[in-house]
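Okay, structure first, notes after.
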Amino acid sequence: MARLLLPLPLAAASASASSLHLAASRLRLPALSSSVARREALFFGGRVAARAPVRLARRGVSAGAEAGGSLSSAAAQVIGQEEAMEWVKKDRRRMLHVVYRVGDLDKTIKFYTECLGMKLLRKRDIPEERYTNAFLGYGPEDSHFVVELTYNYGVESYDIGTAFGHFGIAVEDVAKTVDLIKAKGGTVTREPGPVKGGKSVIAFIEDPDGYKFELIERGPTPEPLCQVMLRVGDLDRAINFYEKAFGMELLRKRDNPQYKYTIAMMGYGPEDKNAVLELTYNYGVKEYDKGNAYAQIAISTDDVYKTAEVIKQNGGQITREPGPLPGINTKITACTDPDGWKTVFVDNVDFLKELEE
């Protein structure tokens, strides 16, 4: 995604909220090109329709007034929380990419392509902002969950902290993959074997920056990059937030009292076919150090304005008000969950248009 990285470069992280605010009058959707319409129809099962950016209201107050902007009567529709929840369930969402910072971009790309089997999808340098992005994954960005690496000029290392857990990759033979990684000089932190308290065969490795990857033995899957694990201080609160604010499903929950932790798998479809969020609660641990390495996940949506209001209704904090990015008109909104994890929501049509450029 070209230029969806306002929170990522170190200089941009200090931007004030006021400088990011965009007036509600800029709500017109651009016309779809025929190629974008075809791609959207194919990806979303043939459902292509114009979408008015309907705004939600909380406690009976117009959301447009609350945001400090004015909306036309056609756009400003006041609907209740129950109706908002129904909309979230119908919104066309999927996890687009996960964003994090690295100290040596070329070295990381080499490791991901040679050891993990990813493909370099695209690379873009932004010299005026002093950073470079690289997108890698197992398939095209319009249909696969991918990683977005950010290299900030002159910054060689970051603090991963204790809150971020790992990324998950599904492979058909864990032992064979581990042997390849060892042969390439990679670091294996857990040898192949059954997961604690289960039967799935897994292993853990580290990339050159110290990010952990869990290798999960699984049959052929359309989404090999399958998990992002984050630690939370209150699992029930987190599950409730991701269900109501993000429209995710609780796919499964497993308690491991012997090892004093509980996990919950959240996502937009079955684990064997979709990337999912793995939330981990360690008994008695309420807070973690997030460091400055991991950044955020990007998720697609049909309407960033509605998305922002639903997030507000359910206790999330909007860190970037919904609206188009200057210069490219891609509509986004950004937020943090109750544990402080960042997420960016990106307009579906605008995302596909950017991939064409």
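Being part of a strand (DSSP E or B) and open to solvent by 10 Å² or more (accessible area, probe 1.4 Å) is the requirement here; does residue 191 meet it?
yes
Can you confirm whether region 215-238 contains a residue that is closer than 18 Å to residue 88 by Cβ and touching a residue at least 40 places away in the same chain (Cβ under 8 Å)?
yes
When you check residue 158 against the structure, is it at pLDDT 95 or above, in a loop (DSSP other than H, G, I, E, B) and closer than 20 Å to residue 296 by Cα, yes or no?
yes
Consider only pairs whose beta carbons are under 8 Å apart and that are at least six residues apart or on different chains; among these, list those whose first residue lies in region 163-179 and is farther than 11 Å from residue 204 by Cβ and whose second residue is part of a helix (DSSP H, G or I).
Here the result reads 171/177, each pair linking region 163-179 to a residue that is part of a helix (DSSP H, G or I).
If residue 199 satisfies all but one of (1) in contact (Cβ under 8 Å) with a residue 40 or more places away in the chain; (2) surrounded by fewer than 19 Cβ atoms within 10 Å (Cβ to Cβ); (3) out of contact with any Asp or Glu (no Cβ under 7 Å at 6 or more places or on another chain), what's the number of the condition it fails?
(1)
Is region 176-191 home to any residue that is under 26 Å from residue 234 (Cα atoms) and not hydrophobic (A, V, I, L, M, F, W, C)?
The answer is no, given that none of the residues of region 176-191 is under 26 Å from residue 234 (Cα atoms) and not hydrophobic (A, V, I, L, M, F, W, C).
Contact list please: Cβ distance under 6 Å, first residue in region 311-328 and under 15 Å from residue 242 (Cβ atoms) and free of Cβ contacts under 8 Å to residues at least 40 places away in the same chain, second residue open to solvent by 10 Å² or more (accessible area, probe 1.4 Å) and part of a strand (DSSP E or B), pairs at least six apart or on different chains.
Cβ pairs passing all conditions: 317/336.
Mind checking which strands (runs of 3 or more DSSP E) fall wholly inside region 254-357 and carry at least 2 residues that are touching a strand residue (DSSP E or B) at 6+ places or on another chain (Cβ under 7 Å), open to solvent by 50 Å² or more (accessible area, probe 1.4 Å) and not aliphatic (A, V, I, L, M)?
Ranges flagged: 317-324.
Conditions tested, residue by residue: (1) more than 28 Å from residue 279 (Cβ to Cβ); (2) in a helix (DSSP H, G or I).
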position: 108; (1), (2): no, yes
position: 112; (1), (2): no, yes
position: 116; (1), (2): no, no
position: 121; (1), (2): no, no
position: 124; (1), (2): yes, no
position: 134; (1), (2): no, no
position: 149; (1), (2): no, no
position: 178; (1), (2): no, yes
position: 198; (1), (2): no, no
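Need the failing condition index for residue 233 against (1) assigned to a loop (DSSP other than H, G, I, E, B); (2) over 20 Å from the mean Cα position of the chain (by Cα), just the number.
With respect to (1) assigned to a loop (DSSP other than H, G, I, E, B); (2) over 20 Å from the mean Cα position of the chain (by Cα), residue 233 is out only on (2).
The values are calculated or read from the model by the stated rules, or taken from the named source; none is laboratory data. Fair warning: this is a prediction, and the values are worked out from it, not measured in the lab. A quick note on method: Cβ atoms are made from the backbone with ideal geometry, for glycine too, and the neighbour counts reach across all protein chains shown. Calculation scope for accessible area: heavy atoms of the full protein, side chains included, ligands and nucleic acids excluded. Shrake-Rupley method; radii C 1.70, N 1.55, O 1.52, S 1.80 Å.
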